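Notes follow the structure.
No value in this document is a laboratory result; all are computed from the given coordinates. Here the structure is a predicted model, which means the values were calculated and not measured. Here the Cβ is made from the backbone with ideal geometry for all residues, glycine too, and neighbour counts use every protein chain on show.
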Amino acid sequence: MAYLTCKFVRPDKQLYEGNVASLVLVTYTGELGVWPGHAAEICALGDGIVRLTALPEDGGDIKKVIVSGGYAEIADDSVVIIADHARDINDIDPVQVAETRQQAVDARDELPINDHRRAYYENKIHWCDLLLHYEQMEA
């Protein structure tokens, strides 16, 4: 059976490395399905869920990972995903995410409105909102 070799990383750790039957990437222009034999391509990742489908002999389960930003490179039946932010959908603690979000809001609001450091906190708030949104959808 044909398969894809997939490596999925974020800045601080590797999330997955192995073979998959297929995967669906979330890009700025929509979803992109990738199967063995897909043409070489590099795409920018958007906000949403990347779905990795295990090989049938491995159960065919679908691993869902929430992402925000990054890139994916497809070449020679392999995919390398480099995400700015990524978290397995089963690894979300909504209470912790809500606390982190509130801390980011408080820190942002202590800064003057024209302070460029506010962008860091805006990004963190956006990521927390994304995690909470998709966690609620899966619950």
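Residues in segment 33-44 that are free of Cβ contacts under 8 Å to residues at least 40 places away in the same chain and either closer than 18 Å to Phe8 by Cα or among the β-branched types (Val, Ile, Thr) (or both): Gly33, Trp35, His38, Ala40, Glu41, Ile42, Cys43, Ala44. Take Leu15 and tell me if it is assigned to a strand (DSSP E or B), of a type in the set (A, V, I, L, M, F, W, C) and surrounded by 13 or more Cβ atoms within 10 Å (Cβ to Cβ). Criteria met by Leu15. Close Cβ contacts (under 6 Å, 6 or more residues apart or on different chains) running from residues in segment 5-23 that are of a type in the set (Asp, Glu) to residues that are surrounded by fewer than 19 Cβ atoms within 10 Å (Cβ to Cβ) comprise Glu17/Lys7. State whether the residues of segment 50-58 include one that is buried (at least 17 other Cβ atoms within 10 Å of the Cβ) and hydroxyl-bearing (Ser, Thr, Tyr). Scanning segment 50-58 turns up at least one residue that is buried (at least 17 other Cβ atoms within 10 Å of the Cβ) and hydroxyl-bearing (Ser, Thr, Tyr). For segment 100-117, filtering for residues that are of a type outside the set (A, V, I, L, M, F, W, C) and touching an Asp or Glu at 6+ places or on another chain (Cβ under 9 Å) leaves 2.
Taken over segment 28-42, the criterion of being surrounded by 16 or more Cβ atoms within 10 Å (Cβ to Cβ) and in a strand (DSSP E or B) is satisfied by Leu32, Val34. Number of residues in segment 88-119 that are more than 22 Å from Gly48 (Cβ to Cβ) and either touching a residue at least 12 places away in the same chain (Cβ under 8 Å) or β-branched (Val, Ile, Thr) (or both) equals 5.
Whenever a residue of segment 68-83 is outside any strand (DSSP E or B), its partners that are crowded, with 17+ Cβ neighbours inside 10 Å, lying with C-beta atoms within less than 6 angstrom and at least six residues away or across chains, give the pairs Asp77/Leu4.
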